[in-house]
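Reading through the structure tokens given below for one structure.
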Amino acid sequence: MQAIKILMSAYACEPGKGSEPGVGWRWAIETAALNHEVWVITRANNRAGIMAGVAQHGKPKNLHFIYYDLPAWARWWKRGRQGVHLYYLLWQLGAYRCARKLHIVEKFDAVHHITFGVTRHPSFMGRLGIPFVVGPLGGAERAPIVLRKYYSLSGKVKDLLRDGVNAMSKLDPWLHQMYTQASVILLKTPQSLTWIPAKYQHKASCMLEIGIDQRNVVIKEIGVLTKRQQTLNVLYVGRFIYWKGMDLGLRAVAKMRANGITVRITMIGRGPAHADWRSLVAQLKIGYCVNWIPWMKQQDLLDAYQTFDLLLFPSMHDSSGNVALEAMASGLPVVCLDIGGPAQIVNNHCGRVVNVKGLNADQVIDGLATSLTEIAKSPDLAKQLRTGALARASTFSWQSVVGQVWGQHGDGYQAAIKYTAKDSDYVSA
């Protein structure tokens, strides 16, 4: 495979972290591992974390970091929750100017906007006039109105405002410019794919941006469902926030208990919905089967996965679902809703995806309880799903994920090769 020179725009990029910073870092090092020469423009405040990661793990000679930030007087904007959006937009403009100067010297074959991976946030890197890969992007996932029945009032208002922002973003001329200039548009989920205007969808496709490290996992038998009468040990991991769907999940657990199914659930995490969920548990009278753990070290969490029977993750609009993939990599089946990123990861060989189309909140609760009960009543099924979870997770290795874009047959690589084969200027599809 011919090595090419790739510029990445990664506002968030830092080793040893999850979410967007971890995505920016892993895409940079995995693309470099394909023998391409990779230059990454990222924020200056990521320098310390990157340098620490480099000191610990080393850095490929073909991976370079360029640190850019707005002037110090402008950085106070991002301290507020809303100000960070203005700061991010201005950073994108400044990063493009930095990239333009760098391109004059380095002559890049392609440019890739990787973080933030949000459908409604524009990037200006397409103005470089070379093959431009955008994404994977998410953020257009939307909880059906009828499933918001048990949201708090503030949750209902926040989701309506989010719907409005997504709708208004479609009018953003800079966003249209980005999609027009893009050679390849990657969306995390079908919901985000259908959100972008139809005239851009011919060059768009779905793929998740997350991956896992390949590692050997020994599944412990202690605590794993092995007989029909044993307690089903369910796990939730994540932020305690209204759209994570545990207003439905906890009701499903209560329904199981009412139907005589012995089940316990452990809630690992913290967040603004903590008080609401505790109040719900008291209202449902299931406090005796709910365990609360506010925080756990990463390695302890990986060990803990193997002591549960499944992960319950009924999130309403997660674009990716890192925790679902992480749990599966430790052999833990996942029960989720047919919304967002988790539904792109989970299938009937490694868990259950509960249908939500055309159903109301109470019907979805029934669906969750049915799926959980099915697993609780069948130790053989539970064992099959654990094996299936490991197999499914292995298809999401970082190497294979990044290879879909920058591997020999990847869309980004193919676009760049066509460009380098031409003597004339590149024109995007």
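The values are calculated or read from the model by the stated rules, or taken from the named source; none is laboratory data. Keep in mind that this is a model prediction, so the values were computed, not measured. Positions of Cβ are backbone-derived with ideal geometry, glycine not excepted, and every protein chain shown enters the neighbour counts. To get the accessible areas, we keep the full protein, side chains included, count just its heavy atoms, and leave off ligands, DNA and RNA. Shrake-Rupley method; radii C 1.70, N 1.55, O 1.52, S 1.80 Å.
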Legend entry - the chain, accessible surface, carbon-and-sulfur percent (1.4 angstrom probe): 54
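Shape verdict for region 153-196, please, from the Cα gyration tensor: rounded (a/c under 1.5), prolate (a/b greater than b/c) or oblate.
It comes out oblate by the Cα gyration axes.
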Legend entry - Distance violations [Cα-Cα > 20 Å] among 244/357; 244/383; 149/357; 149/377; 188/244; 255/377: 244/383; 149/377
Inset, instruction - Starting from the Cα of residue 293, step 7 Å toward the Cβ, then list every residue of region 239-274 with an amide N under 11 Å from that point. - result: 266-269
Inset, instruction - For an R0 of 41 angstrom, estimate the FRET efficiency from the Cβ-Cβ distance between residue 284 and residue 349 and round to the nearest 0.05. - result: 0.80
Inset, instruction - Report the label-to-label distance for residue 101 and residue 67 in nanometres (one decimal), using points 7 Å from each Cα along the Cα→Cβ vector. - result: 1.6
Legend entry - Per residue value of the accessible surface for region 346-415 (all protein chains in place, 1.4 Å probe), Å²: 45
Inset, instruction - Whole number in Å², please: accessible area per residue of region 1-137, 1.4 Å probe, ligands, DNA and RNA not counted. - result: 42
Inset, instruction - Keeping all protein chains in position, work out how much accessible area residue 29 exposes to a 1.4 Å probe, and write it in Å² to the nearest 10. - result: 40
Legend entry - Cα gyration tensor category, rounded, prolate or oblate, for region 111-170 with a/c compared to 1.5: prolate
Inset, instruction - Could you check what % of the DSSP bridge pairs in region 1-159 are antiparallel, to the nearest 5? - result: 0
Inset, instruction - Could you work out how far the C-alpha centroid of region 139-209 sits from that of region 347-395, in angstrom? - result: 27
Legend entry - Accessible surface of residue 47 - all protein chains present, 1.4 Å probe, nearest 10 Å²: 120
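Taking 0.36 nm per residue of sequence separation and subtracting the Cα-Cα distance, how much length would be gained by fully extending the chain between residue 231 and residue 93, in nm to one decimal? Can you show the working numbers first?
Details: separation 138, 0.36 × 138 = 49.68 nm, distance 5.52 nm.
Contour length minus Cα-Cα distance gives 44.2 nm.
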Inset, instruction - Please list the non-local residues whose amide H lies under 5 Å from the amide H of residue 187, H modeled 1.01 Å from N, same-chain partners needing a gap of 5 or more. - result: 137, 205, 206, 207
Legend entry - Shape call, region 317-391: gyration tensor on alpha carbons, a/c limit 1.5: oblate
Legend entry - Phi-based couplings in Hz for region 282-289 (Karplus 6.51, -1.76, 1.60; Gly and Pro marked x): 5, 4, 7, 6, 10, x, 5, 10
